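Here's the structure we're looking at; comments come further down.
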Amino acid sequence: MKKLLSVAGAAAVLALQGPSAFAADSMSLMLNWTPTADHAPLYYAKSKGWYSKAGIDLNIEAGKGSAVSAQRVGTGGSELGISDLPTTIQARGKGADVKALMVIYANSPQGFYWLKSSGIQGPKDFAGRKIGNPPGDAARLMWPAFAKKTGLDPASVSFVNVSPQAKVAALKSKSVDIISDFYNEHDLKVREFGDDLGFQPWRTAGVNVYGNSLIVNGAYLAKKPEQVKKFVAVTQRAYAACVKDFAPCLQALTASVSGLSPDNQRDQWERIKQLMRDDTTTKVALGAFDGARVKADYELVSSLIGIEKPYDPALLFSNDFLDRNVRMAP
């Protein structure tokens with residue numbers, strides 16, 4: 001009798017806790033790189049239990065470049081991921097089953113950094129130089145587009161494999177002449193190199209393509225659209241909350257990821273907010289794509305790099321899962 005009562009009691013507790021306590025769907029999200037400020041909203045939402053309450057058991061996995069995350073999601077190895085949109089454009093052209101659901105960087109975060117004392121004054125001086133960045137990095141993949149836009153022969157530079165954490169040291173030691181990096185960490189480089197720092201953002205060089213975006217495996221989306229909708233709703237809400245107040249988001253990030261400097265991450269977030277803001281994210285919805293821009297990015301990739309199997313760029317993305325009442329602050 002006692003055994004029956006205890007079983008009934010346990011069932012009552014589970015019922016009070018709600019369905020998410022025992023029926024959460026497992027989802028894997030592969031980041032583009034190791035976690036930093038731009039991923040803080042994900043950790044914040046997870047720490048607040050927002051994903052769990054939506055019936056999602058989210059596993060966040062560090063990435064090794066946009067090309068890797070796009071491939072992993074495209075083959076179904078991960079349900080969700082974050083990848084640079086031009087990389088995703090190419091991946092889909094190679095058969096990856098992916099769709100973009102929310103843009104994080106409405107403006108390209110890509111930039112090149114160098115030391116003015118090296119004699120480099122701008123991209124026209126890149127020829128014959130060494131660029132340091134990781135293999136699989138979106139900047140390396142998109143280099144032909146940047147080169148052609150700035151009048152360079154894409155083959156005129158050589159690439160050196162440098163981990164994200166070693167970029168500044170590589171530039172300082174002069175083992176490379178140039179490094180590519182996101183605008184997020186601009187302040188760190190200014191402090192390190194001062195007036196000797198040279199910088200060329202891609203967005204002012206005619207290559208302002210969409211940056212990191214949330215992507216989903218197409219087959220998974222077709223199978224579980226409601227779960228995907230819940231995930232996007234929580235994620236969009238989390239990014240909006242972090243734009244409003246980054247302090248709890250930073251706390252959630254540093255509690256989950258070791259070795260991060262809070263001051264550096266705060267600086268990064270201020271730059272990230274600039275990259276998140278454009279007419280579409282402020283007037284339509286936070287995270288929304290503009291169809292004309294997606295088409296232009298597709299055409300840029302197609303003309304300057306090539307797409308293995310052409311497709312309609314309208315199939316690459318969807319704004320249908322976003323709440324249009326949630327907008328980026330102007």
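The values are calculated or read from the model by the stated rules, or taken from the named source; none is laboratory data. None of the values given here were measured: they were computed from a predicted structure. All Cβ positions, even for glycine, are placed from backbone atoms using ideal geometry, and neighbour counts span all protein chains on display.
In the list G55, G76, G49, which residue meets the criterion of being of a type outside the set (D, E, K, R), closer than 15 Å to F231 by Cβ, surrounded by fewer than 22 Cβ atoms within 10 Å (Cβ to Cβ) and in contact with an Asp or Glu (Cβ under 8 Å, 6 or more places away or on another chain)? So that I can check it myself, show each step before the final result.
Working: G76 fails: closer than 15 Å to F231 by Cβ; G49 fails: in contact with an Asp or Glu (Cβ under 8 Å, 6 or more places away or on another chain).
Of the residues listed, the single one that is of a type outside the set (D, E, K, R), closer than 15 Å to F231 by Cβ, surrounded by fewer than 22 Cβ atoms within 10 Å (Cβ to Cβ) and in contact with an Asp or Glu (Cβ under 8 Å, 6 or more places away or on another chain) is G55.
Inspect all residues belonging to region 257-270 and state whether any of them is within 15 Å of the chain's Cα centre (by Cα) and of a type outside the set (D, E, K, R). Within region 257-270, one or more residues are within 15 Å of the chain's Cα centre (by Cα) and of a type outside the set (D, E, K, R).
Of all helices (runs of 4 or more DSSP H) completely enclosed by region 11-89, which ones contain at least 1 residues that are modelled with pLDDT of 95 or more, of a type outside the set (S, T, Y) and under 30 Å from P313 (Cα atoms)?
Details: elements: 40-47, 50-53, 66-74.
Output list reads 40-47, 66-74.
When both residues are 6+ apart or on different chains and their Cβ atoms are under 9 Å apart, which pairs have a first residue that lies in region 36-48 and is farther than 14 Å from N59 by Cβ, and a second that is of a type in the set (F, W, Y) and at pLDDT 95 or above? Close Cβ pairs (under 9 Å, with a partner that is of a type in the set (F, W, Y) and at pLDDT 95 or above) amount to A37/F246; A37/W269; D38/Y105; D38/W269; A40/F246; A40/W269; P41/Y239; Y44/W50. Given the condition in a helix (DSSP H, G or I), within 30 Å of A145 (Cβ to Cβ) and touching a residue at least 24 places away in the same chain (Cβ under 8 Å), answer yes or no: does some residue in region 244-254 qualify? No, the conditions are met nowhere in region 244-254.
Restricting region 145-162 to residues that are hydroxyl-bearing (S, T, Y) and touching a strand residue (DSSP E or B) at 6+ places or on another chain (Cβ under 9 Å), which is surrounded by the most Cβ atoms within 10 Å (Cβ to Cβ)? Reasoning before the result, please.
Pass one, region 145-162, residues hydroxyl-bearing (S, T, Y): 150, 156, 158.
Add one more test, that the residue is touching a strand residue (DSSP E or B) at 6+ places or on another chain (Cβ under 9 Å), and what stays is 150, 158.
Numbers: T150: 17, S158: 11.
Among them, the one singled out is T150.
Restricting V301, V257, V243 to residues that are in contact with a Pro (Cβ under 8 Å, 6 or more places away or on another chain), aliphatic (A, V, I, L, M) and under 19 Å from A37 (Cβ atoms) narrows the list to V257.
Looking only at region 265-313, residues that are in a loop (DSSP other than H, G, I, E, B) and among the aromatic types (F, W, Y) come to 2 in all.
Selection of first residues in region 53-69 that are within 16 Å of G211 (Cα to Cα) and of second residues that are of a type in the set (V, I, T), restricted to Cβ pairs under 7 Å at least 6 apart or on distinct chains, gives the following pairs, ordered by first then second residue: S66/T87; A67/T87; S69/I82.
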